[in-house]
Structure formats: structure tokens, C-alpha cells
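To start, the structure itself, in C-alpha cells.
The values are calculated or read from the model by the stated rules, or taken from the named source; none is laboratory data. Nothing here was measured: the structure is a model prediction, and the numbers come from that model. Don't worry about glycine lacking a Cβ; one is built from the backbone with ideal geometry, like all the others, and counts go over all protein chains shown. These area figures cover heavy atoms from the full protein model, side chains too; ligands, DNA and RNA do not enter into them. Shrake-Rupley method; radii C 1.70, N 1.55, O 1.52, S 1.80 Å.
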Amino acid sequence: MDPALPPDLSATLDRLLEGRSRKDLARRAEALSNAYRSGGGSDIITSDEDALAYALVRLPATYAAVAAVLDAVRQAAPGLEPASLMDVGAGPGTASLAAVTAFPTLADVDLLDRNPHLQKLAKTLLHAGDHAALRAARCDRVDAITSLPGRGGADLVMASYVAGEIQTERLAGFADLLWARTAQVLVMIEPGTPAGYQRIAAMRSRLIAAGARVIAPCPHDKPCPIVAPDWCHFVQRLARSREHRLVKGVELSYEDEKFAYVALARSELRREFDARVLSPPHVGKVEVTAKLCRHDGRIAIDTAARRHRDAYKARKGWRWGDAVTTETSGPDDTTS
Ligand SMILES: C[S@@+](CC[C@H](N)C(=O)[O-])C[C@H]1O[C@@H](n2cnc3c(N)ncnc32)[C@H](O)[C@@H]1O
């Protein structure tokens, strides 16, 4: 799936930006970035202009991360065809906007958010396109913690970049609430920082204990083998629009969004795969080396020497985040 915002969504954003002071948006965007960097949440968004600044500088990146995650989910669970979606902490509707492309079967979309300005923007973005499910989506302005217990469920529940805004002592309860509303699959995505990964890992192990089965990224339901200071995360590159560069005051035409995630299912939906690539493989003249999370629940440094032509050739095509087959494995693997 294309990590770039769909053209109709970009066009709507461009329309919303018409006539706005770039200086003012830049100031708001910087305040938002500083708040998120220092562990603050979306409560800093207190006006429609703030919401627009968020959409300009963060929506393309979180959309790209959600698109990458949903690609991995579809690949690992090709039989998944959800009819309904609950987007918890939906913000401007990022996860919903990406999910309807990933899953054309989605007909019923429910968004929850407590921020009135992001909620208003979500309505504008969802209703501007011609996707029937998005145009008919319900956007409820509610607190997820208090409202989830009284709501119906959905086939697919998504919480994208939300857990970091839930108080640490309430995170376990939040995970339980999301899981209780999940009919088929729950997808949780966080920034690809050590703290973001820790939240994902904590919710993952809690829900596995409650019966969840992992679809992705892990090729197993065993305890996460990663040991601090290492952390499991992935990256999605995306192009920056001219507006984005202007408002951010940067020249680089792209950025790399790092994210951590887990997709959990109520039933065994995962198509078995041998391993997930955990960092960019190193392709040298004599060998390819890749760090893998393996099906047996262990981390392995997989090495294929050039003289093992098939194994070397297969590994040269591996990318960070890929689900891979290792049957052409080199003889030199080390595990931990
Ligand atoms: C960083 S934004 C992420 C938005 C969107 N999901 C995305 O991926 O771009 C976090 C969102 O979660 C919402 N949020 C945080 N805590 C919430 C809660 N307890 N109930 C409802 N929404 C909440 C915020 O209002 C904000 O819109």
C-alpha cells in the first residue's frame, strides 16, 4: 500500500491550508513537536489551527506508519476481511483513512476521540472524499477509557499513537478495554522509541496471557526476546511536501518515521513465517548479515556467505521489517 497520503486527502488538506499564515502554522507545529518530544499529549491542540498544524506535520508520517503496519498485517493474515472498524484516539482519522484502503471490506467505521478540534478535522477529512464508509463514519467526541465499556465491538480495533497519551497506571486497563471490543484483530501502533516499544511490549504480553494470538510483527506468541537497551521498531520513509518543509523549516525532501506495533487476533490468523527482519541487513561483498526475530522466539544473526548463492541472493532482497523464509539459511547462524 502506498505510504503517501491519497491524492484526494492531500487536496483537501491543501484547501484547508489556503490563506493560512505559514509563520503561524510553523509556530504551532513547533510547539506540538516540542510537546510530543517531551512526553506531552494532544491536549496541547486547543484550536482548529493547532489541529491543522498537526495534520500538516504529523498526519503524513503517522499515515505512512499505519500503512506499513497494515501491509504487514495483510501479508501475515491474508484471510482477514474485517467489515467494521473502531479507531480509538482517532485524531484526524489517520488510521481510518489508511484502513479503508488496506481493507476494502470495511463498511462500518467508528471513530472515538476526546479532542474537539481533531474530531472536527477528522469529520472534514473523512467526508471530503468519496469513500462511502468514511462518509458515513461516526465520529464520537468521548473519552475512550470511560466510553469503551459501554460500546459495541468491531472486527478491527485500532489504537494508533494513543497509548503514549494514557497514564502509565491505566495502560493495562486500556489494553483490556481495547481487547474486549475486538471481534477479530486489534492493532496498536506507537512511536518507534524505546518508550513506545515498552508500551507495545507490555500490552502484547498482557493480551497474549488473555488469549490473544500475534499476527505481526512477531512470528510467534512467545515472550519478546529483545533485551534493553535494544528495542523492536521499524521505519517507513515518506516524502515531505513543499508545505511540510516550509512549515518545519527543513530542506530534506523526505523523513523516516519510526514506529513500534503489534497486531493481535482472537483466532489463529497468522500465516506461518520463519522470521521478521529487525534491522537493515548488511550486504557485504562476502556475506549478507541480518538480525532476525525467529519463529522459535529467539533473536538470531543470520549470515549467508556469497558462496552459498541461493541463500545470499535471497537475503540481498530482504528489507527491515520483512517477514522472511529462512530455509535457504547459511550455515553460520548464531542465536541468542
Ligand atoms: C498523537 S494523536 C494520534 C492520532 C491518530 N490516531 C494518529 O495516528 O495520527 C493521539 C490522539 O489520541 C487522543 N486521545 C488520547 N487520550 C484519549 C482518551 N482517553 N480518549 C479519547 N481520545 C484520546 C487524542 O485526543 C489524540 O487525538
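Considering the conditions (1) at pLDDT 95 or above; (2) of a type outside the set (S, T, N, Q); (3) not assigned by TED's automatic domain parsing to the domain that holds residue 79, residue 218 is excluded by exactly one of them, (3). If I filter segment 140-162 down to residues being open to solvent by less than 20 Å² (accessible area, probe 1.4 Å) and part of a strand (DSSP E or B), which single residue comes out as nearest to the ligand (Cβ to nearest atom)? The selected residue is 160. If you go through segment 109-122 and keep only what is within 13 Å of the ligand (Cβ to nearest atom) and farther than 20 Å from residue 163 by Cα, you end up with 120, 121. Of the conditions (1) within 16 Å of the ligand (Cβ to nearest atom); (2) touching an Asp or Glu at 6+ places or on another chain (Cβ under 8 Å), residue 245 clears all except one; give me its number. Just one mismatch for residue 245, condition (1).
Scanning segment 180-217 for residues that are open to solvent by less than 40 Å² (accessible area, probe 1.4 Å), in a helix (DSSP H, G or I) and within 16 Å of the ligand (Cβ to nearest atom) gives 196, 200, 203.
Scanning segment 45-59 for residues that are more than 13 Å from residue 191 (Cβ to Cβ) and near the ligand (Cβ under 10 Å from one of its atoms) yields 45, 51, 54, 55, 59. Name every residue in segment 120-130 that is without any contact (Cβ under 8 Å) to a residue 40 or more places away in the chain and crowded, with 21+ Cβ neighbours inside 10 Å, in order of residue number. Scanning segment 120-130 gives 122, 126. Which pairs have Cβ atoms under 8 Å, sit 6 or more apart or on different chains, and link a residue in segment 163-177 that is more than 9 Å from the ligand (Cβ to nearest atom) to one that is open to solvent by 60 Å² or more (accessible area, probe 1.4 Å)? So the pair list comes out as 172/206; 175/206; 176/206; 176/210; 177/149.
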